[in-house]
Amino acid sequence: MELKVIGQSTEQPAGGCSSSGCGGSSDQLSHLPESIRQKVQDHPCYSEDAHHHFARMHVAVAPACNIQCHYCNRKYDCANESRPGVVSELLTPDQAVKKVMAVAANIPQMTVLGIAGPGDPLANPERTFETFRQLTEKAPDIKLCVSTNGLSLPEQVEELSKHNIDHVTITINCVDPEIGAKIYPWIFWNDRRIKGRKGARILIEQQQKGLEMLTAKGILVKVNSVMIPGVNDEHLEEVSRVVKAKGAFLHNVMPLIAEAEHGTFYGVMGQRGPTHDELQDLQDKCAGDMNMMRHCRQCRADAVGMLGEDRGDEFTMDKVETMEVDYEAAMAKRAEYQAAALATLKAQRSNNGESFVALSSLKVKKRENRPVLMAVATSGGGVINQHFGHAGEFLIYEASMTDVRFIGHRKVDLYCSGGDTCGDAETTLQKIIRTLEGCEAVLCSKIGYEPWEQLEEAGIQPNGEHAMEPIEEAVAAVYAEMAENGQLDQPKTSAQLQVSA
Amino acid sequence: MAYEIIETCVNCWACEPLCPSNAILEARPHFLIDARKCTECEGDHADPQCASICPIEGAILNPFGEAANPPGSLTGIPPEKMAEVMAEIQAR
């Protein structure tokens, strides 16, 4: 069967100032070769822009693992947790294919199918490759990706390249076995369990070898790293340099998730995760050497939908079994949706170019305007379209005189879930405000009177004036307004003090 | 003499393809080792394969009925620390 490969599409590349690389922007892919941009332009996990418009799913076909990481607990199986390694039901390859077809028919945004666990996909080669083989045939318009710890990657590269998989993620937390021994208690290698430094050294060698082999074959490699304060936080800058030199095209530094109730080594031993500031600092330091990814939601091994959401509940196997799927029709509908989404993306990028021009003119008038963090409520589409009270997460942008850049996301508990949970609203709102610490404005489609007042008191200006506008444009406009009003002349803390006084 | 999988098994499949004697059965509520087939990997491997990849402490018993991987041996969490933290969580 002839496969449709996005990288070979005839669509004209976005060039010149219509690409958001012009004048500085949040698009971390802007300086990549056009061939790579084409491959990732509709991949939510590889392009920040794309994640507003396109969806992904993971199928949990790979339960076995060949290493132990200190942030993982293999006993964990929970419907309410959202983090890697967690799933609700394990699928056979046949079930997984059925589920993918059902999701693709119902969520036109879906472009990508990944296998990411709950163990290591390449430690389950039969199940993983059987799933890919069937999907290549039955769902040729879906991109296939795989995420691995890298231990058995070198021996699987040949097989991977046969399956039309052009995106591979390797989790590389270190390139130094000394540090590795503090992250990986053991690996299973050549029929033995190998502990400590020795095991870590083998894992690191295999990861690096696999990375080189993949890039030599032209397969795109993203590197994931978990930032563990006091363990590998300083070391990750070196990791970033090394993996970039070997051809990885994107580095995703994620915060450690560690809670005692997860039963992981780090959780039980009280290892803390990084603060928002620490994470952002490290991402900025690594960015000098590498394209950084900042929009990762660290999703479950059976996640379904847009990155900020999980619609897995709608597609449990018992529900999937009853769904009638006309895949040909679904494929046509998806192609139509996705072409429109790409056009929207392109238009948003060119508009951003205009607002950046406006921003740069500020430079002439005010030389030392400080950067400002703003929180944005969006439910997708790259526009401000969510009510403050309905936001399960806020996207954080930094506006400065030269550009607007995406910094990351912060998850919150829903402020308003309606019904009888509202007695809790007071504390939930306070928690949200704490989560938004450091931000000076929050942009949303609408906001209630009470949260408005409390946000203002906390020095965070609510703003509902840019509903349905593209995010980066709106952030730039609010920044320009703040500059006009002289708000940027004062240091942040004193501005906040004045507001709350 | 044979190894045995007990109820703390999480059915992760890791051991099943490694067994040189095909003694591991996919079963519910958890995987099982056919005691008549298990050779303890004698003659095939230096270490019993199932117990060498199993990620769950205590899920596999050796022929003496002892945990092949006792508490703390795989995760590195000292058992007394685990007990302390679990008690703390339950008291919340």
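Quick note: the coordinates plus some simple rules give every number you see, no bench work behind them. For clarity, every value in this text was computed on a predicted model and none was experimentally measured. Here the Cβ is made from the backbone with ideal geometry for all residues, glycine too, and neighbour counts use every protein chain on show.
Laid out as a table, the results:
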read-out: Rg over Rh [alpha-carbon atoms, Kirkwood Rh] for segment B:1-71; value: 0.91
read-out: Semi-axes of the equivalent ellipsoid for the protein assembly as shown, Cα gyration tensor, largest first, Å; value: 43, 28, 23
read-out: Likely footprinting exposure, A:ASP489, A:ASP403, fewest C-beta neighbours within 10 Å first; value: A:ASP489, A:ASP403
read-out: Two-site FRET efficiency, A:ASP313 against A:GLU259, from Cβ-Cβ distance with R₀ of 25 Å, rounded to 0.05; value: 0.65
read-out: Separation in nanometres of the label points that stand 7 Å from Cα toward Cβ, at A:ASP191 and A:GLU324; value: 5.5 nm
read-out: B:ILE89 versus A:GLU456: modelled label distance in nm, points set 7 Å from Cα along the beta carbon direction; value: 4.4 nm
read-out: Label-point separation, A:GLU336 to B:ILE6 (7 Å along Cα→Cβ), nm; value: 6.0 nm
read-out: Among the listed pairs A:LYS39/A:LYS431; A:LYS195/A:LYS222; A:LYS99/A:LYS222; A:LYS138/A:LYS246; A:LYS99/A:LYS162; A:LYS75/A:LYS333, those beyond 29 Å (Cα-Cα); value: A:LYS39/A:LYS431; A:LYS138/A:LYS246; A:LYS75/A:LYS333
read-out: Aspartates and glutamates whose Cα lies under 12 Å from that of B:LYS37, excluding same-chain neighbours fewer than 8 positions away; value: B:GLU4
read-out: Shielding score for A:253-263, defined as the mean number of other chain Cβ atoms within 10 Å; value: 2
